[in-house]
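What follows is one structure encoded as structure tokens, with my remarks underneath.
The values are calculated or read from the model by the stated rules, or taken from the named source; none is laboratory data. Computed from a prediction, not measured in an experiment: that's the story for all the values here. Note: ideal-geometry Cβ built from the backbone for every residue, glycine included; neighbour counts use all protein chains shown.
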Amino acid sequence: MERARGYDPDPMDVPPLFQSPSRPIAMLRWLVTAYMWPQSLLWIGISVLTYQLFTPGLDRFGSLSVDDVAVLWGRNVLLMLVVIGGQHWWLHIRKAQGTEFKYESRWLATNRSSFLFNNQTRDNMFWTLVSGGAIAALYEAIMFRLYAGDAIPQLSSLWAIAAMTFAVFWIESVHFYVNHRLLHVDPLYKWAHALHHRNVNTGPWSGISMHPLEHLLYFSLPFVFLLLPGSPFLITFCGVYLMLSPSPSHSGFDRFKIGEDRDFHGGDYFHNLHHRYFEVNYGMLLLPLDKWFGTFHDGSMEAHEAMKSRRRSTAEAGDTAAVIERNN
Ligand SMILES: [Zn+2]
Ligand SMILES: [Zn+2]
């Protein structure tokens, strides 16, 4: 499907620490003003509320029962209906800012047979709430069970938990890159990841609209705390962050407007380019592994030409292999 051109932001750069020359002070400023504020801080804030107010205590997880997983699943569904559904309602139903800052001028598909129920939003909601919400709940319950039985090391200092919360963003940059690269290899792509890539023009519900097999990998982040010292809060934080942060990043809008001439950072142009062109930008911008492994697309014409020539040489290599095979 041809892209209906919309808003194109300026080409992006890697974070200041990874530019040459490296700019550590500018990196600190970038982390506070561009990375943490407002989205990452929002995920931490929502996680604190979710953990304190809507998550059963560890005493409930002395044994692992279906009920406990179901409670966490229900909590996940409600949380996603509010946060992801809220963005969908505001941007795609109420169309509060029209197509301003929208990467594509067309709206989400309402009559396409590649989607379940022929409807992109319903398809995306189904995979997100049913499979995503349940697998996130299952992993959280397993980790709570291990903490309840004192089977794994647990941090007790608030400072250590805060530092580890910040470290989770970096750990996830590696975890996401590795499992996402793997998902682009056949047959995993065909079996699992193609479902997420049905969404070229994305909306908030597309963020974790994934095949259950992809959810099993994607939500496995909290298992790093089998090795590293963690805490039950950090497990809830991993789940909340993984469930909610892809919703603005897939919202389809680069910026969210609040008032006539005020707006703030919304979508993730870096990942939007992955949905457009597939074999670029597998990771996250925070830790630019794509830059180091040669798959970075910054949105510029030069990066676009470089991607096209990579594609041509891969195709030519494929042709040569096919010729050799035919001649043998
Ligand atoms: Zn995506
Ligand atoms: Zn992908």
**Complete:** Scanning the stretch 161-190 for residues that are over 17 Å from Phe270 (Cα atoms) and among the aromatic types (Phe, Trp, Tyr), the one farthest from ligand 1 (Cβ to nearest atom) turns out to be Phe166
**Asked** Looking at the stretch 172-187, which of its residues are farther than 16 Å from Phe296 by Cα, more than 11 Å from ligand 2 (Cβ to nearest atom) and surrounded by 14 or more Cβ atoms within 10 Å (Cβ to Cβ)?
**Response** Glu172, His175
**Prompt:** Using beta carbons and a limit of 6 Å, which pairs, at least six apart or on different chains, have the first residue in the stretch 106-132 and in contact (Cβ under 8 Å) with a residue 60 or more places away in the chain and the second one surrounded by 21 or more Cβ atoms within 10 Å (Cβ to Cβ) and charged (D, E, K, R)?
**Reply:** Phe115/Asp123
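For (1) within 16 Å of ligand 1 (Cβ to nearest atom); (2) touching a Gly at 6+ places or on another chain (Cβ under 8 Å); (3) in a loop (DSSP other than H, G, I, E, B), each residue gets a yes or a no:
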{"position": "Pro248", "(1), (2), (3)": "yes, yes, no"}
{"position": "Asp261", "(1), (2), (3)": "no, no, yes"}
{"position": "Phe264", "(1), (2), (3)": "no, no, no"}
{"position": "His271", "(1), (2), (3)": "yes, no, no"}
{"position": "Leu287", "(1), (2), (3)": "no, no, yes"}
{"position": "Gly294", "(1), (2), (3)": "no, no, yes"}
{"position": "Arg312", "(1), (2), (3)": "no, no, no"}
**Complete:** Checking Leu138, Leu108, Leu129 in turn, the sole residue that is under 21 Å from the mean Cα position of the chain (by Cα) and not in a helix (DSSP H, G or I) turns out to be Leu108
**Message:** Being out of contact with any strand residue (DSSP E or B) (no Cβ under 7 Å at 6 or more places or on another chain), surrounded by fewer than 17 Cβ atoms within 10 Å (Cβ to Cβ) and aromatic (Phe, Trp, Tyr) is the requirement here; does Trp73 meet it?
**Reply:** no
**Asked** If you take the residues of the stretch 198-246 that are assigned to a helix (DSSP H, G or I) and out of contact with any helix residue (DSSP H, G or I) (no Cβ under 7 Å at 6 or more places or on another chain), which of them is farthest from ligand 2 (Cβ to nearest atom)?
**Response** Leu226
**Message:** Any residue in the stretch 271-293 that is closer than 12 Å to Ser173 by Cα sitting within a Cβ distance under 8 Å of a residue that is in a helix (DSSP H, G or I) and of a type in the set (Gly, Ala, Ser)? List the pairs, counting only those 6 or more apart or interchain.
**Reply:** Gly283/Ser173; Met284/Ser173; Leu286/Ser173; Leu287/Ser173; Leu289/Ser173
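Only one residue in Ala151, Ala163, Ala194, Ala136 is more than 16 Å from ligand 2 (Cβ to nearest atom), small (Gly, Ala, Ser), assigned by TED's automatic domain parsing to the domain that holds Ile44 and surrounded by 14 or more Cβ atoms within 10 Å (Cβ to Cβ). Which one?
From the options Ala151, Ala163, Ala194, Ala136, the qualifying one is Ala136.
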